[in-house]
Ligand SMILES: [Zn+2]
């Protein structure tokens, strides 16, 4: 059964906060949920399904459902890192299409900055996976596990640091118009290359921001979408795919987006060239370059050339991306950027993005999430959304 | 009274060992790098598992490697004391996560030939790192 056209995104909310000192994680989840309800014009008691990932403290979705006082017919706490919330859009659409629920809430929230200041940390997940003993002693970090992808990409395809830097430059051009963005200063390719090297070949400005806060999405059945006084945004197609090291047959030149993207485009019945705006997960500049290739926006190996010279800047290039400033400049709440990818895609397709970055006639958009480590095991999720004119 | 004889911090962290991985770490302590070979489908794999990740057979056996390979990718972390993480593709096929040691971090290259070098963790297990061959 296809989900095409069977579920709508009716509410979105991005927490304006970037430093969560003084707030708890359950509180932040509830605050973003309330924001999305207000955006949709729905009541808390309308919610009958709840989707969250490992950033929610407790046993799956249940402790947070209790905090928010939800009475539910469906829960799903599938954890695929920062891609989880894009994947949840697909799962919620499946549940709505099957008639198992009518109003699904998705939340993300966290406060890594405040936690670091207070020296307090509870990370999701327990127990050591089988790979842990074979990898942890070699000191993998988030940065060096993406840096090795960039290094291999440069080796195979001739991608340059200048080309990677263009991703950050484009994000900064968008962030200047977002009053909530953590970094609003426009930067140049030279600025990126002059920033300190963190892990070869990634500089500080190749890396996303670290922020607190979160976001929420409300998905509804078609009859509810039609009853609300909001632009109607329907899910046209979606895909998800984990990728891992495959028993040692390691290939870092592609991501799970080759599979999740293909499924999403097939279900939606559209092509990359039809997409007017794309939210592309931007934990690092290399994440964007490799993902754009894997989704089919350009040929494999041509991602560096594709992003160069402002091609991702709204009003300038061919594929406007991350017009909120993305994870690179605006927000990467709880070290997970998936939900803000969907939120900005919905703003664009509604025509509610900042006027300086709004894409004209933006009726078809894509949001893509990448979770975990591009250099080892990762989650990948893609959704394609369409505006349905009333 | 304060302890003035500070112990040097071990540079290499000891691995977390379980029943499935113990033969691997016993071998590295003897100076042997072992992966798993599946006698059902003939594929080698890493990290070593009891069940073959390609055909799901439990007919897997330990295979001692030559210790030679080449750099698939790497990155030198530059914050604090630099170190080089890498993927090395073994002569026997699989690619493994490791560190590059005893080398000039500014003269590493993808494709470079490397050989295994076991680094003591100080806790009875040796880490299979690699150095230019
Ligand atoms: Zn086998």
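The values are calculated or read from the model by the stated rules, or taken from the named source; none is laboratory data. Quick caveat: nothing in here was measured; it's all calculated off a predicted structure. So basically every Cβ, Gly included, is an ideal-geometry build from the backbone, and we count neighbours across all protein chains shown.
The table below lists the values:
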read-out	value
Residue list for the range A:48-65, filter: touching a helix residue (DSSP H, G or I) at 6+ places or on another chain (Cβ under 8 Å) and assigned to a loop (DSSP other than H, G, I, E, B)	A:52, A:53, A:54, A:55, A:56, A:57, A:58
Of the criteria (1) out of contact with any strand residue (DSSP E or B) (no Cβ under 8 Å at 6 or more places or on another chain); (2) in a loop (DSSP other than H, G, I, E, B); (3) buried (at least 22 other Cβ atoms within 10 Å of the Cβ), which one residue A:172 fails	(2)
The range A:360-390, residues that are closer than 21 Å to residue A:55 by Cα, touching a helix residue (DSSP H, G or I) at 6+ places or on another chain (Cβ under 8 Å) and either part of a strand (DSSP E or B) or more than 14 Å from chain B (Cβ to nearest Cβ) (or both)	A:367, A:368, A:369, A:370, A:371, A:379, A:380, A:381, A:382
In the range B:79-98, the residues that are at the interface with another protein chain (Cβ under 9 Å from one of its Cβ atoms) and closer than 21 Å to residue B:64 by Cβ	B:87, B:89, B:90, B:93, B:94, B:95, B:96, B:97, B:98
Close pairs (6 angstrom Cβ cut-off, 6 or more residues apart or separate chains): facing chain A (nearest Cβ under 10 Å) in the range B:48-59, within 8 Å of the ligand (Cβ to nearest atom) and assigned to a loop (DSSP other than H, G, I, E, B) anywhere	B:54/B:41; B:54/B:43
Hey, residue B:111 within 21 Å of residue A:245 (Cβ to Cβ), surrounded by fewer than 13 Cβ atoms within 10 Å (Cβ to Cβ) and away from the ligand (no atom under 13 Å from the Cβ) or not	yes
Conditions (1) facing another protein chain (nearest Cβ under 10 Å); (2) without any contact (Cβ under 8 Å) to a residue 60 or more places away in the chain; (3) more than 30 Å from residue A:195 (Cα to Cα); number of the one not met by residue B:26	(1)
Where residue B:95 falls short, out of the listed (1) surrounded by 14 or more Cβ atoms within 10 Å (Cβ to Cβ); (2) under 20 Å from residue B:13 (Cα atoms); (3) in contact with a helix residue (DSSP H, G or I) (Cβ under 9 Å, 6 or more places away or on another chain)	(2)
In the range A:130-169, the residues that are in a loop (DSSP other than H, G, I, E, B) and without any contact (Cβ under 8 Å) to a residue 40 or more places away in the chain	A:130, A:139
Residue identified as in contact with a strand residue (DSSP E or B) (Cβ under 6 Å, 6 or more places away or on another chain) and modelled with pLDDT of 95 or more among B:74, B:47	B:74
Elements of type strands (runs of 3 or more DSSP E) contained in the range B:21-107, each with 3 or more residues being within 16 Å of the ligand (Cβ to nearest atom) and farther than 30 Å from residue A:204 by Cα	B:34-38, B:60-64
Test: residue in the range A:66-81 that is assigned to a loop (DSSP other than H, G, I, E, B), more than 20 Å from the chain's Cα centre (by Cα) and either in contact (Cβ under 8 Å) with a residue 60 or more places away in the chain or under 18 Å from residue A:110 (Cβ atoms) (or both)	no
The lone exception for residue A:230 - which of (1) within 30 Å of residue A:4 (Cα to Cα); (2) at pLDDT 95 or above it fails	(2)
Flag for residue A:290 being within 14 Å of chain B (Cβ to nearest Cβ), in contact (Cβ under 8 Å) with a residue 24 or more places away in the chain and more than 30 Å from residue B:35 (Cα to Cα)	yes
Hits in the range B:64-89 - residues which are crowded, with 16+ Cβ neighbours inside 10 Å, touching a residue at least 24 places away in the same chain (Cβ under 8 Å) and more than 17 Å from residue A:152 (Cβ to Cβ)	B:65, B:67, B:68
